[in-house]
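The values are calculated or read from the model by the stated rules, or taken from the named source; none is laboratory data. All of these numbers come straight from a predicted model, not from anything done at the bench. Quick reminder, even Gly has a Cβ in these numbers, built from the backbone with ideal geometry, and neighbours come from all protein chains shown.
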Amino acid sequence: MYKLLFTSVLLACTILLPACRQALPEKPRILISTDIGGTDPDDFQSMIHFLMYSDRFDTEGLLSSPSYGEGRKQNILDMIALYEEDLPELQKHADGFPAPDDLRAIAKQGRKGAAPPEGYAKATEGSDWIVRCARQESDRPLWILVWGGLDDVAQALHDAPDIRNKIRVYWIGGPNKKWSANSYAYIAGHFPDLWMIEDNASYRGFFSNNGVPDSISNDNYYERYIRQAGRLGKEFKKHYDGRIKMGDTPSLLYLMNGNPNDPTGEGWGGSFEKMNRSPRYIFNRPTTLSDTVHTYSVAEFWIDGPAVDLPANTPCCTMTIAGQDWDGYYMGGGRYVVRYAFKEAQTLDYTIVSDIPGFPGQRGQIVADNIWPGTPGADDYPLGSNWYTDCAAPERFDGKWQGGKTILKWRSDVLLDWAERWKWLQE
């Protein structure tokens, strides 16, 4: 009986050989750009998840790219050290886990801090590594998974425009867009044909508790499935006290389930739709409550002030908005500018001040609605045919978060699959 069953399966795979091969795709080539150690502890959680699934990828780079905050390459190295302690247990259950020294060799330091208005500055170890990896001969694209700002990606594209067709970017945007508004503006303005998934809100479905069984809720998953397992489990507890967030993990999930060549399809990392323009607003005056922008859009606030003896792109004024300070820059000829990206629907007050004598300080208000990308505007960035973003259909919203249900629907599958790997470290 068993021989007959084996023969039948073998015959089926012989007849359907192309389909069988499609079921065993090559490992995707990936490079992760992270602000781990910077603004949000969830990067530590996502890094733990990645390391526990690193057998599923050909990992070519781990970049520290903190547009804001104190994240450094050392934070990545610290996580690799914990992975090294747990590796013997992981290797009992699966082949293909990378050697810790191989991961250390591809950990690189990227830009520290946001790029100036041009969107790029000087090459970094991280941006040079992107170029080197992208230029390798391969019939597989290099997937760049961006968990923070886009600054090193923008720098690499500026320094090596030839890599634009060799890379595919999955970017966790939203709040991260604030930190890298200048580099985003550069990429959208100069590389509209880039293959890009701009996930501004869908990723939030991964840490939504909407309709999620109590056993895998954000508050209960750790005690139910992780329980201090291994060095990685003990580390996980240190971030958000073990509560699940992992907002960057959908970029990995996208390459673990579904067809990554079709962003409009279904899969663990979400479903997206094409966008042919990215909203931009240019203001040459203080705004008021009658001024409304779309959430996730980029706004430029231009000010006419005194002409001073400063090089262009010099930070010299400050915009305070939503409790945070943002650099404004002198652009020459008495012109000053601040870029800002809106992370959600809200009404905001702001000020723009400078120590430069005669600078006309500004005070204003502005409204961001919950629409993306919304109605076209004259100053929008036109995009090519391979730029994707959150699904706008109302039924795919998770509460106020656009596209959130395209990831939320898979959350149980993802976390239960991960629970099986935590068992490996509990043995």
Test set (1) part of a loop (DSSP other than H, G, I, E, B); (2) aromatic (Phe, Trp, Tyr); (3) crowded, with 23+ Cβ neighbours inside 10 Å - residue 301 fails condition number
(1)
All but one of (1) in contact with a Phe, Trp or Tyr (Cβ under 7 Å, 6 or more places away or on another chain); (2) part of a helix (DSSP H, G or I) hold for residue 131, so report the exception by its number.
(1)
Within the range 149-175, of all residues that are part of a loop (DSSP other than H, G, I, E, B) and touching a strand residue (DSSP E or B) at 6+ places or on another chain (Cβ under 9 Å), the one surrounded by the fewest Cβ atoms within 10 Å (Cβ to Cβ) is 166
Do we have residue 364 as at pLDDT 95 or above, in contact with a strand residue (DSSP E or B) (Cβ under 6 Å, 6 or more places away or on another chain) and either surrounded by 15 or more Cβ atoms within 10 Å (Cβ to Cβ) or in the same structural domain as residue 212 (by TED's automatic domain parsing) (or both) here?
yes
In the set 180, 202, the lone residue that is within 26 Å of residue 260 (Cα to Cα), touching a Pro at 6+ places or on another chain (Cβ under 9 Å) and surrounded by 21 or more Cβ atoms within 10 Å (Cβ to Cβ) is 202
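Checking the conditions here, which among 69, 119, 96 is crowded, with 17+ Cβ neighbours inside 10 Å, part of a loop (DSSP other than H, G, I, E, B) and either modelled with pLDDT under 95 or outside the structural domain of residue 329 (by TED's automatic domain parsing) (or both)?
Just a single option satisfies the conditions, and that option is 119.
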Search result, residues across the range 280-296 that are over 20 Å from residue 396 (Cβ atoms) and not in a strand (DSSP E or B):
284, 285, 286, 287, 288, 289, 290, 291
Is there any pair linking a residue in the range 211-232 that is within 22 Å of residue 410 (Cβ to Cβ) to one that is surrounded by 13 or more Cβ atoms within 10 Å (Cβ to Cβ) and aliphatic (A, V, I, L, M), with Cβ under 6 Å and at least six apart or on different chains, and which?
216/415; 218/244; 221/244; 225/419
Within the range 99-116, can you find the residues that are buried (at least 17 other Cβ atoms within 10 Å of the Cβ) and of a type in the set (A, V, I, L, M)?
103, 106, 107, 114, 115
